[in-house]
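Just so it is clear, none of the values below were taken in a lab; they were calculated from the coordinates. Remember, it's a predicted structure, so these values are computed and weren't measured experimentally. Backbone-built Cβ (ideal geometry, glycine too); neighbour counts: all protein chains shown.
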């Protein structure tokens, strides 16, 4: 199975410069999920900015998520598809607030035990290897090990974070259903072309694994 991709967007204050790039990323057909992050000083401003960014993505069938807001009801009011919480959040409360109508993913998992505890809840995915709030990035070898372990045993999908293009091939070979690409994608001259290349790399890695 060739993994699909999740975009972890950078913090965005002004959506306008990103609209064309988001539309181009959607057109690649590689994205399944986007985790959006906007700065806003009011709920009205938050909704306006998220509407602008999410529209080309949701129109292409891409689920749009955010970090947990202070009020879970805001997710529906913003017309978003779900939330990615941290293992440190009150997962039970978020399951109660969002399921079954919204997507609920869990990141910030520091151990196998935390991942297994999260997987026992009514969640849609676990994520391994993403940068932590303090900037720490788990080593790629650990992300590969966790993703492979999870993919081989559990039914809940997992997302493995790729810190650069070179990480895509080994992560695709783990059997993870999704690969997350971070804000570094926007450092490329053509982010959509880089995403398409990431998908080609992932497909090649999966095919090589299948025949080996």
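What the Cα atoms of region 47-152 give is an Rg and a Dmax of 14.7, 41 Å.
Compute the Kirkwood hydrodynamic radius of region 9-109, taking the inverse of the mean of 1/r over all pairs of distinct Cα atoms, and give it in Å to one decimal. Computed over Cα pairs of region 9-109, the Kirkwood hydrodynamic radius comes out at 13.9 Å. Cα centroid separation, region 33-95 to region 164-188: 22 Å.
A simple spin-label model places pseudo-atoms 7 Å from Cα toward Cβ; at residue 39 and residue 200 they are separated by 3.6 nm.
For the pair residue 207 and residue 89, the difference between a 0.36 nm per residue extended length and the Cα-Cα distance amounts to 38.7 nm. With a cut-off of 18 Å on the backbone N, the residues of region 88-107 near the modelled label site 7 Å out from residue 117 along Cα-Cβ are 88-96, 105-107. Label reach from residue 184 (point 7 Å along Cα→C-beta): in region 193-212, amide nitrogens under 17 Å belong to 193-202. The stretch between residue 141 and residue 48 holds 29.5 nm of extra length on full extension. This uses 0.36 nm per residue minus the Cα-Cα distance.
Given the rule -39500 (n - 2.57) for each run of at least 4 DSSP H residues, summed and divided by the residues of the chain, what is its mean residue ellipticity at 222 nm, to the nearest 500 deg cm²/dmol?
Only helices count here, giving -13000 deg cm²/dmol.
Could the peptides 171-183, 97-109 be put in order, highest first, of the mean number of other beta-carbon atoms found within 10 Å of their residues? Don't jump to the answer; show the numbers that get you there.
Working: 171-183: 22.5, 97-109: 19.0.
Highest to lowest by the protection proxy: 171-183, 97-109.
Size of region 69-212: Rg and Dmax of its alpha carbons, in Å, are 15.9, 49.
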